[in-house]
1. Can you tell me which residue within region 322-345, out of those that are surrounded by fewer than 18 Cβ atoms within 10 Å (Cβ to Cβ) and assigned to a helix (DSSP H, G or I), is farthest from the chain's Cα centre (by Cα)?
2. Pairs please, first residue from region 219-247 and more than 17 Å from residue 157 (Cα to Cα), second anywhere and within 9 Å of the ligand (Cβ to nearest atom) and assigned to a loop (DSSP other than H, G, I, E, B), Cβ atoms under 6 Å, 6+ apart in sequence or on different chains.
3. Restricting attention to helices (runs of 4 or more DSSP H) lying wholly within region 54-149, give those where 3 or more residues are buried (at least 20 other Cβ atoms within 10 Å of the Cβ) and modelled with pLDDT of 95 or more.
4. Which of the residues belonging to region 204-226 are in contact with a strand residue (DSSP E or B) (Cβ under 9 Å, 6 or more places away or on another chain) and surrounded by 15 or more Cβ atoms within 10 Å (Cβ to Cβ)?
5. Just wondering, is there one or more residues in region 266-282 that are closer than 28 Å to residue 18 by Cβ, more than 15 Å from the chain's Cα centre (by Cα) and in a helix (DSSP H, G or I)?
6. Being closer than 22 Å to residue 250 by Cβ, more than 16 Å from the ligand (Cβ to nearest atom) and assigned to a helix (DSSP H, G or I) is the filter here, so list the residues in region 4-50 that pass it.
Ligand code: PHE
């Protein structure tokens, strides 16, 4: 069954694990989804709700994933079976399916970013940004760039944990941090940046007093932290015994939040300084891909280089996240079918790419896949993880303590997973389920149109 003949791969360094996990977390969710979600849902008020969701709900569940992964040293399906018996296998399978769905549309958006970066190199963004987005986000060319991006992702995962995933994270993540902070500082120097900050952080507490917004904030928190589908679990399965898991969870959550927050500080001042505020009113998938290139095109000679840097940051974020998604599927296939890493990464990668083609051709399909995973699959996954570590896994607290300094929080954590987290997640799902079902109906009914 499992490839026990070969020793399990391991990270070469603790930093490598940390950066790979941050790489998984930081992605399109931070730089593309988070800023407009915040602006749309009450600015600073939403930000507060989001911070709560990240640190109160997300962080304990991240620790839960780490504890299962490091404890079992197996990919999700086998890890859940290891501690929970056969009954938990379907949950592991659901994680892998979620990975399939997310990555298939994620690769499409990442393909757009490749194309925008290419555009910046070739001289910038003249002409109508809305028309360009329409052109880029549909048709055969979108498939070409999606395939290109997926090929890079597959190649890196085929390289393995140390030589593929870890090395990529060590090189690219520092670059991403530099670019995001650099552009945010540059944006602050622009005339009219203040309007952007005001729009981003205007406070309307009435906006957050609805269950729908809570669901959005929670879904975004889990998505952004790569939780609820076994990505963090899988990465932790390559850890040795003495990593301080609570500290890792904190470092990763703080970094992920910081990049999302700074992304807003980069996006909105740019847009507002160039008087394009009307462009962000609508909450479409394309908002960022339309208004930012338009801003770049109006910035004069600074436009193309700043635009290029911005899209490079997006590509890096997307790539390191896509890698972790493919690793969940690859590791599970290796462990379940006894395939080699090469065969598993290539085989599943090709299927995922094919599955994404409808999303490349049709924006509505893409939106529906996004809604389905965010409003339902990862929330149910997170619920299952909380219940699993809270009630089922026998030595969860002991495993969590290994390598940690202070031990007094662990019983609190376990009780939180037992009672509070499931209750909150059920509440959140009350709104998430209908939204996801709507998305599914749209996908099945109107997908072809
Ligand atoms: N966290 C990634 C992002 O914000 C997306 C992702 C979700 C990656 C789930 C892995 C698993 O873009």
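1. Per the stated criteria, the residue is 337.
2. 222/228
3. Per the criteria, 59-72, 76-84, 89-121.
4. Result: 207, single match.
5. Checked region 266-282: at least one residue is closer than 28 Å to residue 18 by Cβ, more than 15 Å from the chain's Cα centre (by Cα) and in a helix (DSSP H, G or I).
6. Those that are closer than 22 Å to residue 250 by Cβ, more than 16 Å from the ligand (Cβ to nearest atom) and assigned to a helix (DSSP H, G or I): 14, 15, 16, 47, 48, 49.
The values are calculated or read from the model by the stated rules, or taken from the named source; none is laboratory data. Note that the coordinates shown come from a computational prediction; the quantities given were computed from them, not determined experimentally. For neighbour counting, all protein chains shown are included, and Cβ atoms are generated from backbone atoms with ideal geometry for every residue, glycine included.
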